[in-house]
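After the structure tokens below, expect a handful of questions from me.
We did not get these values from a lab; they are worked out from the coordinates using the rules stated. On a predicted model such as this, the values are computed, not experimentally measured, just so you know. In this analysis, Cβ positions are derived from the backbone assuming ideal geometry, glycine residues included, and neighbour counts consider all displayed protein chains.
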Amino acid sequence: MPDELVWEILLRLPPKTLARFKSVCRAWLAIISSPSFICMHLRQSASRNECEPSFLIAAHTFCDMRSMPKTWNPEVPFYHWQEAGKGNASLVSTMDLPGDSGFAHCPLHCDGLVLLPTETKLYVFNPGTGDVLNLPDGQKNCGYAQAPGLGLDLGTNTYKVAQFFYRSVYYYKRTYNAGMEVFTIGGHGSCWRTVEDPPYPVIMPQEPAYFKGSLSWHIERELLQTPLQGFLRFDLEEENFKADVPLLENVVVIPGAGHFI
């Protein structure tokens, strides 16, 4: 069978089937694992779903440090809801958190991958295959809050987790020492890399917004000598902060919501 035909057939298969087919032969493993195939498979799946919008629902009580749940459930079930399915949600997969993970915080997503932060760990979950990646420990944040983000590096078609952290922070003095670290999923070495220090502090806890290869955090005005209202943008391909990010005025920021008005 020609390689072009094998490629076209594999493009039309669901993720769970592709995960099994990686074991068929080395040639299929190379095709399915290639960034170009993953990108095309994602586009093909998106084009099929354009006429039938769907949602991935994480049915779990998440903790945002402002309201602690009375009980802790280690299971995080994910449901798929589609309007064409007459309003019924079907169970896609269930993620079991280890006992030392602590409470789960609000998940983030990019192209079907889910980043699930907990009190002690960061997990990347693929609901389509059921695979879970337990990220290694990175830099220790001096506070209890987190501000990790998940996005796609448009240059290499690889997914990256970027985490803002404070080495020290004193609100009453308006002083801080902050850093940024990056983890490439499937990258060589599979470890965190510390990049350039961010030029501004950010609000924590916070779920950054992903858009076209960049992650954006709300700037923490209370830590600046001259308060500014705006966003700190981190380019996932260049792994640096863009100095041309406009600092917006007359903006109402909703902390932790990932939105602005």
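Around HIS109, which amide H atoms from residues at least 5 apart in sequence, or from another chain, sit under 5 Å from its own amide H, with H modelled in the peptide plane?
Answer set, sorted by chain and number: LEU115.
Separate question: Would you list the P(r) distribution for the range 108-147, with all Cα-Cα distances sorted into 5 Å bins from 0 and each bin expressed as a whole %?
6, 20, 31, 20, 14, 7, 2, 0
Can you give me the long-range amide H partners of ASN240? Hydrogens built in the peptide plane at 1.01 Å from N, cutoff under 5 Å, separation of 5 or more residues or another chain.
ASP235
Right, next: Taking the Cβ of ILE32 as the centre, find all other residues whose Cβ is under 14 Å away and add up their charges (Lys, Arg: +1; Asp, Glu: -1).
My count for the surroundings of ILE32 gives +2.
Volume per residue, Å³, of the convex hull around the alpha-carbon atoms of the range 114-245?
Output value, Cα hull per residue: 108 Å³.
Still on this structure: Using unit Cβ charges (K, R positive; D, E negative) and no other charged atoms, how large, in debye to the nearest 20, is the dipole of the range 134-205 about its Cα centre?
I would put it at about 260 debye.
GLY230's amide H: which non-local residues (gap 5+, or another chain) put their own amide H closer than 5 Å, with H modeled 1.01 Å from N in plane and none for Pro or chain starts?
Close amide H contacts, sequence-distant or interchain: ILE219, LEU248.
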